[in-house]
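To keep things clear, I will list the structure first and then write my remarks on it.
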Amino acid sequence: MKVKVIVHHLAGAFTMNKFNFLLNLRKYWQHFVIWMTSGSDLQVWHESDYRGNTSCWHAYDPITGRSVCFGSEEEMRIWIDKCYYR
């Protein structure tokens with residue numbers, strides 16, 4: 001009986017590792033596509049958890065090299081307004 005529990009646990013860990021790998025692959029692909037298509041524009045994107053809920057918002061300014069991360073879209077918009085629309 002213990003062997004089944006251990007095997008089940010390992011199978012679950014493998015599934016989570018595979019899932020995390022796919023999430024990371026997707027994230028890096030998105031960064032690559034943004035980088036290739038954006039030129040010198042401000043880049044803004046959000047990260048989502050496995051359920052599709054937005055966990056945080058990122059921005060990167062390729063001209064200044066500055067990057068930020070916020071917990072909500074509203075915080076991101078406020079930051080953009082302060083920095084770019086003074």
Here the residues within the stretch 34-54 that are in a strand (DSSP E or B), at pLDDT below 85 and open to solvent by 60 Å² or more (accessible area, probe 1.4 Å) are THR54
Open item on the list: Taking the criterion of being open to solvent by 80 Å² or more (accessible area, probe 1.4 Å) and over 11 Å from the mean Cα position of the chain (by Cα), would at least one residue in the stretch 26-33 satisfy it?
Closed with: yes
Pairing a residue in the stretch 19-44 that is in contact (Cβ under 8 Å) with a residue 40 or more places away in the chain with any residue that is assigned to a strand (DSSP E or B) and hydroxyl-bearing (Ser, Thr, Tyr), where Cβ atoms lie under 7 Å and the two sit 6 or more apart in sequence or on different chains, gives none
Within the stretch 60-76, the count of residues that are open to solvent by less than 40 Å² (accessible area, probe 1.4 Å) and part of a strand (DSSP E or B) comes to 2
Only one of TRP79, TRP57 is touching a His at 6+ places or on another chain (Cβ under 6 Å) and surrounded by 14 or more Cβ atoms within 10 Å (Cβ to Cβ), namely TRP57
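The values are calculated or read from the model by the stated rules, or taken from the named source; none is laboratory data. Since this is a predicted model, take the numbers as computed values, not measurements. Cβ atoms come from the backbone with ideal geometry, glycine included; neighbour counts cover every protein chain shown. The accessibility values were calculated without ligands, DNA or RNA, using every heavy atom of the protein model including side chains. Shrake-Rupley method; radii C 1.70, N 1.55, O 1.52, S 1.80 Å.
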